[in-house]
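Q: Okay, handing you the structure first.
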Amino acid sequence: MFGKSRGAVVLLPVLLAASSLAQTVKSIRLPDDNALGRLKPAPGVEVVRQNCTACHSTDYIVLQPRIDAQHWEGEVQKMIKVYGAPISDADARSISDYLGRAYGSEAGGGKQAPARPKR
Ligand code: HEC
């Protein structure tokens, strides 16, 4: 217990020194998203950009097979429940609507999801 807190006291001046050094670091400009990963312009695209690019690029979205709106909704719920994406219900709805329209099975372009084998 004590050993740990003493360690923190010793570390603090080091961290402070490091953070004042960090302030002299210049900002960098990242390259634009690759052309393939650009989201189609449509209502809701900004909500998707704000909520769906924190953990991975848009490639994950645009390269999916064309699944229907209901499956996109499931995908959004998976990002929230499994991976902990902090997305409000209202935003989740706008995102699912956008994805269903722009990347749904009706949207055309891209690969079609393979038909489920009949059992
Ligand atoms: C909290 C981090 C996080 C956020 C925010 C996030 N994702 Fe993901 N996403 C992941 C992780 C982790 C994976 C799995 C990566 C892997 O398997 O390599 C993933 C994978 C995916 C995949 C690939 C298919 C799959 O199910 O693995 C799709 C499509 C996807 N995300 C879409 C979205 C969409 C749409 C949003 C916005 C609603 C979003 N993601 C926001 C973490 C996130």
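Q: Could you list all residues from the stretch 63-86 that are under 17 Å from residue 97 (Cβ atoms) and more than 6 Å from the ligand (Cβ to nearest atom)?
A: Correct list: 66, 67, 68, 69, 70, 71, 72, 73, 74, 77, 80.
Q: Separate question: Please indicate, with yes or no, whether at least one residue in the stretch 88-103 is assigned to a loop (DSSP other than H, G, I, E, B), within 8 Å of the ligand (Cβ to nearest atom) and of a type in the set (A, V, I, L, M, F, W, C).
A: For the stretch 88-103, residues assigned to a loop (DSSP other than H, G, I, E, B), within 8 Å of the ligand (Cβ to nearest atom) and of a type in the set (A, V, I, L, M, F, W, C): absent.
Q: While we're on this one: State which residue pairs qualify: first residue among the β-branched types (Val, Ile, Thr) and inside the stretch 41-56, second residue within 6 Å of the ligand (Cβ to nearest atom) in any location, beta carbons under 6 Å apart, and separation of 6 or more residues or different chains.
A: 47/95; 48/95
Q: Name every residue in the stretch 31-47 that is buried (at least 16 other Cβ atoms within 10 Å of the Cβ) and farther than 17 Å from residue 107 by Cα, in order of residue number.
A: Passing the criteria: only 47.
Q: What pairs come out if I take residues in the stretch 25-38 that are free of Cβ contacts under 8 Å to residues at least 40 places away in the same chain and pair them with residues that are in a loop (DSSP other than H, G, I, E, B) and of a type in the set (A, V, I, L, M, F, W, C) whose C-beta lies under 8 Å away, six or more apart or interchain?
A: Partner pairs satisfying both residue conditions: 36/63.
Q: Restricting to helices (runs of 4 or more DSSP H) lying wholly in the stretch 1-75: which have 3 or more residues that are modelled with pLDDT under 90?
A: It comes to 2-22.
The values are calculated or read from the model by the stated rules, or taken from the named source; none is laboratory data. Keep in mind that this is a model prediction, so the values were computed, not measured. Note that we place each Cβ from the backbone using ideal geometry, even for glycine, and neighbour counts take in every protein chain shown.
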